[in-house]
Amino acid sequence: MISTCSIATYAYTDYMSDAPGSKSHSGGKAVGAYLRKLRESRGLSVAEIAEKLGSEPSQIWRIEKWRSDTRSSLVFKFIALVRGSAEDVFLLMNNPNATEEDGERLADLRLQLEN
């Protein structure tokens, strides 16, 4: 049986940008955009996420901007808190052509699956 998460992941691969010169060419930046979009859609502030994760708001900002290395456990807690998908993050991270726009579009698909 294929999970809903898998369906979103496979469906989304057709929409990922791979055009040279696309803005924000980085799988990490796409992940940050994905998490930020989900956080904002859930009505959560950076400060609220940081408090729930036992972290500082600056650390959450760095994750969303993909500005520094961080513990994977913190990233996975962030994913769970905003009800994202580790499969989505894996897809974005493993596509060097994934853009911030791709991350946002994948978050939109994730949100649509909930409705």
Do we find a residue being among the acidic types (Asp, Glu) and farther than 25 Å from Glu114 by Cβ anywhere in the stretch 79-92?
no
Unmet requirement for Ala98, which otherwise passes all of (1) outside any loop (DSSP other than H, G, I, E, B); (2) touching a Leu at 6+ places or on another chain (Cβ under 6 Å):
(1)
Filtering the stretch 11-32 for residues that are modelled with pLDDT under 50, among the β-branched types (Val, Ile, Thr) and within 12 Å of Glu101 (Cα to Cα) leaves a count of 0
For the stretch 34-91, what are the residues that are farther than 19 Å from Leu109 by Cβ, in contact with a Lys or Arg (Cβ under 6 Å, 6 or more places away or on another chain) and part of a loop (DSSP other than H, G, I, E, B)?
Trp66, Ser68
Leu35 vs. criteria at pLDDT 95 or above, of a type outside the set (D, E, K, R) and either buried (at least 18 other Cβ atoms within 10 Å of the Cβ) or under 24 Å from Ala98 (Cα atoms) (or both):
yes
Ser45 fails exactly one of the following numbered conditions: (1) within 17 Å of Gly103 (Cα to Cα); (2) without any contact (Cβ under 8 Å) to a residue 40 or more places away in the chain. What is the number of that condition?
(1)
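Can you tell me which residues in the stretch 55-93 are of a type in the set (Val, Ile, Thr) and under 14 Å from the mean Cα position of the chain (by Cα)? First the steps, then the outcome.
Kept after step one, since they are of a type in the set (Val, Ile, Thr), are these residues of the stretch 55-93: 60, 63, 70, 75, 79, 82, 89.
Scanning the stretch 55-93 gives Ile60, Ile63, Val75, Ile79, Val82, Val89.
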Picked from the stretch 78-115 (must be without any contact (Cβ under 8 Å) to a residue 24 or more places away in the chain and of a type in the set (S, T, N, Q)), the residue nearest to Gly32 (Cα to Cα) is Gln112
Taking the stretch 88-101 as the region of interest, how many residues are surrounded by 15 or more Cβ atoms within 10 Å (Cβ to Cβ) and farther than 12 Å from Gly28 by Cβ?
4
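The values are calculated or read from the model by the stated rules, or taken from the named source; none is laboratory data. Everything numeric in this text was worked out from a predicted model, so none of it was measured. Note: ideal-geometry Cβ built from the backbone for every residue, glycine included; neighbour counts use all protein chains shown.
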